[in-house]
């Protein structure tokens, strides 16, 4: 160590203190040492930072185990890292030594065997330094994950904002222009006396009508205006449209009518639920080779859940090898924006089930999400 070791020595015998310090300095350790011999002095000394604590076991009205408990309690209150604690005594029983180690002591020594003290001290200091390094790395990793999660959520919000803006431009500019062009073509068709012109105008009118329909579908995908009628209506429209477009049977199961209507949902929840179902159905249509999909909406214990399950091929070994799939990560980050989480289960030939859970007011808190991407989730991609 480049800096002197700050040593707090709990010892009531001045001679024993001098022997401990001599052994440590003889090994090459530079020390800033302080001796205390009462509970009050020890508790007061803990207000300062120490690199190492060495304690006698037998003290007047006080013991080394009491000192260890005081030290660990102080660390818990102040959220400081554990300070190495070495118990030194003229006589210490095996039970006492075991209890000391169980309570977090770094080592224990007999006073008639201080030749091992320097080795024990250096090992305890190295272990403490390694522990602090791990704690620092854990804090940095947690902060990095927090920043990445915040960035992902910001990107999700930015994407929705951009979608909204594009949909508005399509509606105001493209949609308006196409509608005006449709009126003009219809006027030409009705007022032209040339059969060829009427035929060409009718064909152009049909193309414009198709373009208007396409622009409306694009706007609906970009900004689901159907959500203004409620989540249930939006899911009904989405599942019906999926079934008619793909030919895959799609059933929507809603909460029992006896339980009453779906309560008003917090801001952002309907859009997250809609996008989750939309992206799950997109993946089913592209990859699952399914013939049936069930979308199950439920509200239990203050938690809104949406399960999208299919009877498709599930995830095969080739699917699991895809390392560039980020869909499930995107779904999880989207769910996290409203305090929710995503669960995915699948097996080859068993279909796939994706569940979105969002706690509403008074609901259960979300569990900690998995730290990494499970292999079976690799197939899911965002479109």
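The values are calculated or read from the model by the stated rules, or taken from the named source; none is laboratory data. The shown structure was predicted, so the numbers you read here are calculated from the model rather than taken from an experiment. Note: ideal-geometry Cβ built from the backbone for every residue, glycine included; neighbour counts use all protein chains shown.
Overview of values
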quantity: Cross-chain or 6+ apart pairs with Cβ under 8 Å, segment 19-33 first and assigned by TED's automatic domain parsing to the domain that holds residue 122 and within 19 Å of residue 89 (Cα to Cα), then in a loop (DSSP other than H, G, I, E, B) and at pLDDT 90 or above; calculated: 20/11
quantity: Test: residue in segment 281-288 that is farther than 25 Å from residue 241 by Cα and modelled with pLDDT of 70 or more; calculated: no
quantity: Single match in 9, 17 (criterion: touching a helix residue (DSSP H, G or I) at 6+ places or on another chain (Cβ under 6 Å), crowded, with 16+ Cβ neighbours inside 10 Å and under 20 Å from residue 71 (Cβ atoms)); calculated: 9
quantity: Residue in segment 307-327 that is modelled with pLDDT of 90 or more and either out of contact with any strand residue (DSSP E or B) (no Cβ under 9 Å at 6 or more places or on another chain) or crowded, with 21+ Cβ neighbours inside 10 Å (or both) present; calculated: yes
quantity: Checking residue 113 against (1) over 21 Å from residue 86 (Cα atoms); (2) loosely packed, with under 11 Cβ neighbours inside 10 Å, the condition it does not meet; calculated: (1)
quantity: In segment 186-201, the residues that are surrounded by 14 or more Cβ atoms within 10 Å (Cβ to Cβ) and either in contact (Cβ under 8 Å) with a residue 60 or more places away in the chain or not in a loop (DSSP other than H, G, I, E, B) (or both); calculated: 186, 188, 189, 198, 200, 201
quantity: Answer residue from segment 116-125, given it is farther than 15 Å from residue 21 by Cα and touching a residue at least 40 places away in the same chain (Cβ under 8 Å) and is surrounded by the most Cβ atoms within 10 Å (Cβ to Cβ) among those; calculated: 124
quantity: Any hit, segment 40-63, residues being over 20 Å from residue 122 (Cβ atoms), in the same structural domain as residue 126 (by TED's automatic domain parsing), more than 47 Å from the chain's Cα centre (by Cα) and not in a loop (DSSP other than H, G, I, E, B); calculated: yes
quantity: Of all residues in segment 74-100 being in a helix (DSSP H, G or I), within 44 Å of the chain's Cα centre (by Cα) and loosely packed, with under 13 Cβ neighbours inside 10 Å, the one that is modelled with the lowest pLDDT; calculated: 95
